[in-house]
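The values are calculated or read from the model by the stated rules, or taken from the named source; none is laboratory data. Owing to the predicted nature of the structure, the values given are computational and were not obtained by experimental measurement. Backbone-built Cβ (ideal geometry, glycine too); neighbour counts: all protein chains shown.
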Amino acid sequence: MAADQDGVSIHDMPAAERPRERLMTLGAAALSTAELLAIVLRTGTSEENIVQLCQRILAQFNGLPGLARASSADLRKIRGLGEAKAAQIIATMEIGRRLVTQTGNERPVINSAADAARLLMDMSHLRQEHVRVMLLDTSRRVIATPTVYIGTLNASVLRVSEIFREAVSCNSPAIILAHNHPSGDPSPSPEDIELTSTLIAAGKLLDVALIDHIIIGERDWRSLKRMGLAFGR
């Protein structure tokens, strides 16, 4: 299906059932996820209203986490979704991911592994492995969190220079390495531990401290430092 077809809109629904009116009267927190998504997509199909369509979409992808990982091609396989609605869903999910990593004008301070993980949980929805480096200043405020690599994390292909390039360029004295496991299991592999040990040693030579390596899973995360792996050896 290349384009969306006209269908039952929010305005065609009984007033008491319209998500938009319910949001304005009761507040967004009172609405179901399907109703919130219905406000974004606006129109259903000739066979079902927009809320019913959104309930079916969420069921198909097992809720928001699955929907956030869906590609445009995945979405357009759903009856009732064309390019326009697929683009609306993808854009909405991306706004949510960006909101997680932004805290206004004041740069967040990292006092614990949990602080860092909270800013990195958008990685739980990525379909490929991504490697990010959280750059910190002397007060452990976040300078930036660039993505330095996309693909299977392997010490043989991931160059140490790629990890530390931005830190050296920004004069960052400390970094946190982060990557995701698309399988959903955040448990560190032997390769993760080996890479961490290599980077700790390299950081000492460059005067840039690797203070943690965080692995993001589907709903959870692991800190190698908290687990006593590689750090403190």
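Quick look at the values:
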{"quantity": "Close pairs from segment 185-212: first modelled with pLDDT of 95 or more, partner assigned to a strand (DSSP E or B) and among the hydroxyl-bearing types (Ser, Thr, Tyr), Cβ under 6 Å, at least 6 apart", "calculated": "212/223"}
{"quantity": "Selection status of residue 118, of a type in the set (Lys, Arg), within 28 Å of residue 211 (Cβ to Cβ) and buried (at least 20 other Cβ atoms within 10 Å of the Cβ)", "calculated": "no"}
{"quantity": "Filtered residue count, segment 169-189, keeping only those that are part of a loop (DSSP other than H, G, I, E, B) and at negative phi", "calculated": "11"}
{"quantity": "Entirely in segment 33-83, the helices (runs of 4 or more DSSP H) that have 1 or more residues that are surrounded by fewer than 21 Cβ atoms within 10 Å (Cβ to Cβ) and hydroxyl-bearing (Ser, Thr, Tyr)", "calculated": "33-41, 72-76"}
{"quantity": "Residues being among the small types (Gly, Ala, Ser) and within 24 Å of residue 137 (Cα to Cα) - total across segment 206-227", "calculated": "2"}
{"quantity": "Only listed residue being touching a Lys or Arg at 6+ places or on another chain (Cβ under 7 Å) and closer than 11 Å to residue 175 by Cα, chosen from 143, 110", "calculated": "110"}
